[in-house]
1. Once the convex hull of the alpha carbons of the protein assembly as shown is built, what does its volume come to per residue, in cubic angstrom?
2. Relative to the other copies, what are the label-point distances for B:E287, with labels 7 Å from Cα along the C-beta vector, expressed in nm at one decimal and sorted shortest first?
3. Using the alpha carbons of region B:342-417, what is the convex hull volume per residue in cubic angstrom, as a whole number?
4. Over the Cα atoms, compute the radius of gyration (one decimal) and Dmax (the largest Cα-Cα distance, rounded to a whole number) for region A:36-176, in Å.
5. Using alpha-carbon positions, what is the distance between the centroids of region B:276-296 and region B:200-239, in Å?
6. From the residues A:I344, A:N325, A:L274, which one has its Cα farthest along the dipole of region A:229-378 in the positive direction, the dipole being from +1 and -1 charges on Cβ of Lys/Arg and Asp/Glu about the Cα centre?
7. Rounded to whole Hz and in sequence order, give me ³J(HN,Hα) for region A:50-56 from the Karplus expression 6.51 cos²θ - 1.76 cosθ + 1.60, θ = phi - 60°, writing x for Gly and Pro.
8. Does region A:103-217 classify as rounded, prolate or oblate by the C-alpha gyration tensor (a ≥ b ≥ c root eigenvalues; a/c under 1.5 gives rounded; else a/b over b/c gives prolate, otherwise oblate)?
Protein chains: 2
Amino acid sequence: MNKIQLEKLIIQSKKSAPLIAHLPTKTKNKVLVEMAKTLRKNFKKILLANSYDIKFAEKKGLSCAFIDRLLLNKKRIEEMAKALENVARLPDPVGVLVSSWKRPNGLKISKMRIPLGVIGIVYEARPNVTVDAAGLCFKSGNVVVLRGGSEAFHSNQTLVALLQKVLIKNKLPVSAITFIPTPERKILIDMLQLSHLIDLIIPRGGEGLMRFMEKHSKIPVIKHDKGVCTIFVDESALISKAIRIIENAKVQRPGVCNAVENILVHQKIAKKFLPLLKSIFAKQKVELRGDSLACKIIPGIKKATEKDWSTEYLDLILSVHVVKNIAEAISFIRKYGSLHTEAILTSSKKNADLFITGLDSSCILVNASTRFNDGGQLGLGAEVGISTTKLHAFGPMGLNELTTTKFVVRGNGQVRK
Amino acid sequence: MNKIQLEKLIIQSKKSAPLIAHLPTKTKNKVLVEMAKTLRKNFKKILLANSYDIKFAEKKGLSCAFIDRLLLNKKRIEEMAKALENVARLPDPVGVLVSSWKRPNGLKISKMRIPLGVIGIVYEARPNVTVDAAGLCFKSGNVVVLRGGSEAFHSNQTLVALLQKVLIKNKLPVSAITFIPTPERKILIDMLQLSHLIDLIIPRGGEGLMRFMEKHSKIPVIKHDKGVCTIFVDESALISKAIRIIENAKVQRPGVCNAVENILVHQKIAKKFLPLLKSIFAKQKVELRGDSLACKIIPGIKKATEKDWSTEYLDLILSVHVVKNIAEAISFIRKYGSLHTEAILTSSKKNADLFITGLDSSCILVNASTRFNDGGQLGLGAEVGISTTKLHAFGPMGLNELTTTKFVVRGNGQVRK
C-alpha cells in the first residue's frame, strides 16, 4: 500500500463518519452483540491467524512477556466478546445534553455530546485492543482507523474481517472499522499527515512509540504514556492497611501502568514500617531499592540511583524513599512522577486534602490501591486506555471521552446588538 | 534569543506552574483588578509603544484593516482593563468537582477541575489578545507563554511588562506571564518543540498560521481556524425575521469568524425571498454571488464559483445557493463548511431537530444570528477564542475550557481483586 492508496482508504472512513455518528442506539447495540457472537463462533479461525503471529514472534526471538501479550486462547477470545457485550450495555453518549441554560435575551443554550469523527488508534502487540477500540469507537459514533503492531498483523486482520462481516450484514459501510493492511512504519508516517481526514490519534504503547507520534503527527494526539506511580505512607497511616495496599499495588499485576513504582515513607514511621515491608516483599520476591536512610533501616537492599525514581519498572522492583513530611512527598512526586496515578495512605483528613490539591496527576487516591485507576474500576464501564495528555481527557478514557460537545442555541429571531 | 535561552525561559514558566495552579481565588482576583488599574494608569506608555508598531506597519505598507486591528487608543485600553475586571468576577474553575459517584466497593470517585499547566498562545496583530489571554490563563490557574505577531511587538512587550509589574508587587513569579522577547519565526519553531515544558498551544490567526502550527508543533494544538458559516432558510421560515437575522449575521461585523458567508434557501420560497434579500443588501452594499438558479431569480448578481462556497470572505460578500430540501442543505454544509457555526431559520420543530442532529459544527443555531457563537454571548463570561479542533474544547473556550479534570478517589483500604 502506498500513500495514495492509504489516503483513498481513509477518505472512505471520513465519508462514513456522518452515517456512523447518527446511528440509532439500538442499531449500534445490535451490531455489537452480533460482533461478540461472531468472534465466539469463529474462535478457531482467530486462533489459526494468531498462531502465525506467534510462530513469527518466536522465530524473531521476542521475549516471553511480549509473546504472552500477543497470545490468544479461547478464554481471551471470550473476554473480547464479553467486552463488546459490556459496551453494548453502556449508555449511548451521543446526543446527550451535558448542560443547558438560558440567556437574558431568551436564547436557550445547551451543550450536546457529539462523536469526534474519525479516530486513529495506533497500538502494539495486544490483539484485544483491536476489538476493544473498535467497540468503544463504534458505540460512541466514531469511525475508527486501526493500525496495530506488525507482530500482531494476522490476528488483527482476522479480527477486523470478522467485525466487518457484521457491518456488511447490517448494511453498514466496512470503512466504519478501517484496518491499515500494511504493517510498515512508513505507512504510519503517511497516516499521521492526514489531518484533514483524521480527527484524533490515540497511541497505546511504550515510550518509543509516544516519541515517534509526537515527532510525526500533524493530527492531535492523546498519549497513553507510562505510569511512574507513587504511594506516600504518611505518619498517621494504619500500618496493616498500608502494607496490604502497597502489596496489591505492586504485586497484583506488576506489568501494567497503574502498578506502583515508588514508595515514600514519612520519617516518623520509617523504622517501624520499612522492616515490615521488607519481610512481606521478601516472600513476594519483590526487589527493594532504597535511598541511604532506607538502606540504613533495612540493610541488605540495593541503593536506588537517581534514575530509579523516574523508572517504570513494570516488574517486581520497588524503590523506597524516606521523606521529612508531606511537602517533601509532593515535591518528590512533582519532580519524578509521570502524572499518572498517586496515592496517600493517611488517617489525616487535612493531609489527604493537601495531597489531593497539591498534585495534578490523572488520578489521586486516598487509602486505596493505585490499581484502581482504570475505566472499569472507576465506573466508566470500559476504557480505550489512560490518557496522560492534559487535554480534556486526562486519565481513563471511556465512551464520554471519545466525544466532544457542540453548542445548540434555540432562539426566536434574536440578532446581536 | 537562541534556542537554549528560550528553553531556560520556559523552564521558569514550568517551575511556576504548581504555584499558580494553587493560588487562592481571592489572590487571583485581586491581582486581576490591580492589572486593570495599572493598564488604565499607564495608558500613555501603552499608546507610545503602540505608535512605534503603527509607524512600522505604515512603513511596511500593511493594509488599513490590519493597521486597525493593531491600533490602540484610550477606549481600547479601557476595554482591555474591563475585560480583566470581568474575568475577576467569573467563578474560579479550579478545584470544582464536575461529578461524583460511589462504587459498590465503597470507593468515592469524583472528577476535579485542574489547570492544564503551561499554555502557549500564538497570535497575530491584535494586542488585546495579550491581555485577554493572560487574564483568562491566570484566572484558570495556568501559566501563559505569549508569542504575539512581530507587528505588535512593542505594544505586547509594554503590556506584558505592566502585567508583570503587578505580579512582582504581589510577590508572584513574573514567569506566570511569560513573553517571548524575539519576534522571529525561527524561535517559534523552537518553542513548538518544547513538549516537555508546554502542555497546550492555542494559535489564533489566519490559515497560514494554522498550517504552520500543524507542521511544526510537537505540542497538542487547539486550533482557532476560519469560520465558513452558513444559514439555511427553510421553507417555513418567517421571511421578515430571516432577513433581519441574515442582515445581522453579515453586516454587524463582517470581518469576524462567526459572520455568515453562505445562505442556502429552500426552493419553495426562493422566488419570494431572494428579491427581498437583494434589495436589503443593495442598501448595505453587500455583494451577492449566486448559483444558476439564484442568478435567474435575482438577475444582475455575480455567478458564484466552486471556490466561493468554502471561502471565508471576512467582507461584505455573501454567496447564495438554492436547495431542494433540508437534506441537501445538510449535505452542502458538510461538504463546504468549516465546522464553525451554522443556523437554520424555520418554523418547523422537526426540521430544527434534523438540522441540529445532522450537523456537528461547534455551534448550531435555530432562528438566531450566527454572531452569537461567542463566549460572552453564550454566557461563558469571556473566551480565549473559538476552537475548531474537535477535542474536548470545541467552540468558544472560556475558563472551564482552559482546565482539564483529574480523578479523586477516597477509600478506606480498598485493594483490587
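1. Details: hull volume 140.0 nm³, N = 834.
Each residue corresponds to 168 Å³ of Cα convex hull volume.
2. Going from nearest to farthest copy, the values are 7.4 nm.
3. 174 Å³
4. According to the Cα coordinates of region A:36-176, Rg and Dmax are 18.9, 71 Å.
5. 26 Å
6. Going by the Cα projections, it comes out as A:L274.
7. 4, 5, 4, 4, 5, 4, 5
8. Details: a/c = 2.44, a/b = 1.43, b/c = 1.71.
Taking the square roots of the gyration eigenvalues as a ≥ b ≥ c, region A:103-217 is oblate.
Any read-out appearing in this document is the output of simple, stated calculations on the displayed coordinates, not a laboratory observation. This is a predicted model, so every value here is computed, not measured. Virtual Cβ from ideal backbone geometry, glycine too; neighbours counted across all protein chains shown.
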